[in-house]
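Reviewing the structure listed below.
The values are calculated or read from the model by the stated rules, or taken from the named source; none is laboratory data. None of these values were measured; they are calculated from a predicted model. For neighbour counting, all protein chains shown are included, and Cβ atoms are generated from backbone atoms with ideal geometry for every residue, glycine included.
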């Protein structure tokens, strides 16, 4: 089955299954360790098992599913080693992005940052956790565009997706969103005044906001962590 999306891209049943499961996993409606049946998903979408198998493979490549021969497929548990690795890579990339953004930011870039902050504030006012998550991605993409390094967002997105479920656990309490918006605002102001060191300092603090969530998950939801990491 092939569908034509509004933007002209061709979509397949693999895309539909992938998008659905990706959203279910990142939103934590499917939680770490939950079993997923290939047959049940195929029935749900009215397709054969092959597109479901292909979607499973794509999710496994993103480190979101664990596929084991002759055993049930399950949502991947958190690996503390992989999370540490992911954050290390992202931190290095974002430091350079912020340095370049502070160097190249002009009036157009400043306007993009201001608009992004307005949208984030609205999401906070409405308590829109899912919407805020999407706007968070967009803010970091905008910084990459201003830095004339749009390619860097591919790396950031890949590494960010590995910890997004933890971010969702952190955002489950709406009081944390305002602190993240304030981080973004401080970063934006530093970038607009071409202060790279200040932007990097706040960017480092911003990434560290997840430390508390990681510690809390390890203590209160040990079943979400891969056994070898405990």
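Taking segment 16-30 as the region of interest, how many residues are assigned to a loop (DSSP other than H, G, I, E, B), buried (at least 16 other Cβ atoms within 10 Å of the Cβ) and more than 14 Å from the chain's Cα centre (by Cα)?
Summing the residues that are assigned to a loop (DSSP other than H, G, I, E, B), buried (at least 16 other Cβ atoms within 10 Å of the Cβ) and more than 14 Å from the chain's Cα centre (by Cα) in segment 16-30 gives 1.
Quick check on my filter: what residues within segment 120-137 are loosely packed, with under 15 Cβ neighbours inside 10 Å and either under 16 Å from the mean Cα position of the chain (by Cα) or not assigned by TED's automatic domain parsing to the domain that holds residue 185 (or both)?
Selection gives 130, 134.
Pairs under 6 Å by beta carbon, first residue without any contact (Cβ under 8 Å) to a residue 24 or more places away in the chain in segment 61-80, partner part of a loop (DSSP other than H, G, I, E, B), six or more apart or different chains?
66/76
Among the listed residues 98, 112, 117, 64, which satisfies the condition of being surrounded by 12 or more Cβ atoms within 10 Å (Cβ to Cβ), closer than 30 Å to residue 180 by Cα and not assigned by TED's automatic domain parsing to the domain that holds residue 153?
64
Given the criteria at pLDDT 85 or above, over 15 Å from residue 90 (Cβ atoms) and assigned to a loop (DSSP other than H, G, I, E, B), does residue 194 qualify?
yes
With in contact with a strand residue (DSSP E or B) (Cβ under 8 Å, 6 or more places away or on another chain), in contact (Cβ under 8 Å) with a residue 24 or more places away in the chain and surrounded by fewer than 17 Cβ atoms within 10 Å (Cβ to Cβ) as the only criterion, which of 226, 212 stands out?
Checking each option against the conditions leaves just 226.
Within segment 33-61, track down each residue that is more than 16 Å from the chain's Cα centre (by Cα) and surrounded by 18 or more Cβ atoms within 10 Å (Cβ to Cβ).
Within segment 33-61, 36, 41, 42, 47, 51, 52, 55, 56 meet the criteria.
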